[in-house]
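Each value in this text was obtained by applying a stated rule to the coordinates, not by laboratory testing. Since this is a predicted model, take the numbers as computed values, not measurements. Neighbour counts run over all protein chains shown; Cβ positions are idealised from the backbone, glycine included.
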Amino acid sequence: MAEKENSEGKEESEEPMQSTQPTPRFDPEALGQDLSEKNNDDAIYVDDMYGDWFLDYASYVILERAVPHADDGLKPVQRRILHSMKELEDGRYNKVANIIGNTMKYHPHGDASIGDAIIQLGQKDLLIDTQGNWGNVLTGDSAAAPRYIEARLTPFALEVVFSPKVTNWSSSYDGRNKEPVTFPVKFPVLLAQGAEGIAVGLSTKILPHNFNEILDAMIGGLRKSPINLLPDFPQGGIADCTDYNGGARGGRVRVRARIEKVKKHLLKITEIPFGTTTTSLIDSILSANDKSKIKISKIEDNTAEFVEVMVHLPSAVSAEDALPALYAFTDCEISLAPNACVIHNNHPQFLSVNDLIKSSANLTRDLLKNELEIKLGELEEKWHFASLEKIFIEKRIYRDIEKEETWEGVISAVDKGLKPYVEVFKRAITQDDILRLLEIKIKRISKYDSFRADEQILGFEEEIKEVEGHLSQITRFAVRYLKDLKKKYGKGRERKTEISRAEDGELVPFDKIVASQVVVANETLYLNRKDGFAGFSLKKDEAIEKCSTLDDIVVFGKDGVMKVMKMADKMFVGKSPLRVAVFRRDDPKVYNMVYRDGKSGRLYAKKFMIGGVTRDKEYPLFKTHSKSRIFFFSVHDSEKKNSNILVHLDQELKRVREKVIEFDFAWLEIQGRGVKGSTLTAHKVDRVVNAPRENCDQAEQGDEKKKDPPKLTQKKEQQDNSKPNATDEADKVAQEVKSQKAEPEVINENSEKTEKEQGTFDF
């Protein structure tokens, strides 16, 4: 086999070297193979190395830096800071610079990350008692340098965070010190403080909650009651929690600033949304003003201990109109997406707030149980030794050792003297117990007080009984512990964020604000009919109406196609459009139209509303055909207003006696925009014009009498004989219109145009 390998290697060495070698690629199936099998003993598979290194790095970032642990709610750097502060704890303040220096024994990432983390912890006002300039979460002002500020642990932190007897310890990064794996925290610090972090491939965002409500929820969790915990932000504000979904992944919370109306043109912001500062909020307002979405005259920031931002409005803008615009276009309203990713069982997991509450409540009960068991063991040991000492002294067993010459004999003599009293004790007497008895000094033996010893033993027995009672009802004990925490530390921690609720307490969402409806209409829509362009930059062309940059426009073309488009500075809408206007959702406008079907040649009338549409999608109002044509088109503000028209038939029709048909659109019901409509006539039509004004007035009066529409058939189509004879007048009007050769135009019933000025559609 060796000879074969050598021969193969010799043959390979004799082959000429290639000018270019293909770069080895990562092959999962090749992992673990001997590199010599690839005929390259010195090959280094960088892809493999990068793959391993990336996984190691990702795991390290997730577990050791960015994601908090579910048990104590702390990231590693926060845990090391608190551990370091406990080492330095003597009841007095310590300079933050000294705390940072001491923490570097445990944290390998330098002083900058430690300093940032301790500032964030101090601003939460829960675990660290601060002194000096620690910044302002309302304004975004940074804290002073670490050498100028001081800190110490709060009484709450000392009570609920630290318990060395039930803490699991591990070596620090350099092996010189011991640090806690997790603290035995008996309170969900994670939910009270909130957390945010970005790791490799995942992120976490846990919103803060109210201190007292957390304790109430924990008590409810221990009692198997429903949990409904909602976020509470230190900046206050108003929150819409209808989609909070228990804080689970995929939920959402909308938070608004609290804005008060001071005067007609003056607003005051007193509370701001979570995650914003007065500086960022003012910047967003100024940006919206620069983009002409809102109008303000000036802003004053008087924030100190409390938020006070004065928003001055122009005289033309009222506070009622500006308020929804502030919510729509600025950071006065933001949306938060909770994403509770935590380290649980040494793996990142996505949990809900309710899950975290239940887990924390059970963990607190288990920690209290462990502490009670440790305390019970200590009390039993104290009772055991106190009883041994009493018997050892009162029964003068210590005198038995005077005759013994060896140490073994001494131990044996004491053991022999205690044997008659073995049944008194709760456990067996060990050699360590005997050695401890032999360490008692003669002075203590001589001054031994039997009565005082009995009282001490009785006290131990009472404490043991009490602890055993707590252990037998550990849930009740945990509930009482949580209530005591609320009583001791809950004052001054009332809810700051108002939850949007109905009068019956049910959660209700915020009122929907449509941006296009509250934006300031500071632009004008212009139309170039000849070239077919529209937009707010065509200032030399025909002005249509006021608009904003967020509006949509609706376009009705001569080919009977409707389209909704986004407002722009310039856009093509088709040459000579029938109508171009600003489009608003749920628009009550009613459209009247008369058209000829190209396939059948019939004339149809229809009345419709736009309804729901998709932007940039073409909607035909009738079947497309080369001979299809629109004869009449008008728009009205409501259903009550309609057009009254005259349909002029071709004069060459000999069998038709009446050549003019009067038609009122009030006879039609509103239908969909795509329906065919009602047949007016099957005969050849010359033109369709608006009826004279007096005929329209008569028609409006006739609506009150509920006049029935005429029956139009293909064979005979004529006016009702009860109507005024308008044939001669109509012919006169037709001649005037025919002489004008007018282009198709939108006819507005509300205008005061004469029939001569109103549009017709000629062959």
Given R₀ = 56 Å, FRET efficiency for Ala97-Asp559 by Cβ-Cβ distance, to 0.05?
0.15
How far apart, in nm, are two points set 7 Å out from the Cα along the Cα-to-Cβ line at Ile374 and at Asn228?
3.9 nm
Can you put Thr330, Thr130, Thr679 in order, fewest other beta carbons within 10 Å first?
Thr679, Thr130, Thr330
Flagged as over-length at 18 Å C-alpha distance, from Lys390/Lys441; Lys375/Lys419; Lys75/Lys375; Lys627/Lys684; Lys546/Lys570, the pairs are Lys375/Lys419; Lys75/Lys375
Residues Val410, Val161 arranged by fewest to most Cβ contacts within 10 Å
Val410, Val161
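What does the highest-first list of 164-172, 219-227, 351-359 look like by mean Cβ count within 10 Å? Walk me through the intermediate numbers first.
Numbers: 164-172: 11.7, 219-227: 14.8, 351-359: 20.8.
The densest-packed peptide leads the list: 351-359, 219-227, 164-172.
Arranged from highest to lowest average of other beta-carbon atoms within 10 Å per residue, in what order do the peptides 573-584, 305-316 appear?
The packing order, highest mean first, is 573-584, 305-316.
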Amide H proximity to Phe233 below 5 Å, modelled H, separation 5+ or other chain, gives Lys496, Thr497
Can you tell me the length gained on complete extension of the stretch Leu202 to Glu439, counting 0.36 nm per residue apart and subtracting the Cα distance?
79.3 nm
So what's Rg/Rh here for the stretch 356-488, counting alpha carbon atoms and using the Kirkwood radius for Rh?
1.15
Going highest first, how would you order 425-431, 531-537 by mean Cβ packing within 10 Å?
531-537, 425-431
Contour minus end-to-end for Val166 and Arg65, with contour as 0.36 nm per residue of separation and end-to-end as the Cα-Cα distance?
33.9 nm
Using θ = phi - 60° and the Karplus curve 6.51 cos²θ - 1.76 cosθ + 1.60, what whole-Hz ³J(HN,Hα) does each residue of the stretch 208-221 get, with Gly and Pro shown as x?
x, 10, 6, 4, 5, 5, 5, 5, 4, 5, 5, 4, x, x
Check which residues have an amide H placed less than 5 Å from Ile128's amide H, if you skip close sequence neighbours.
Thr154
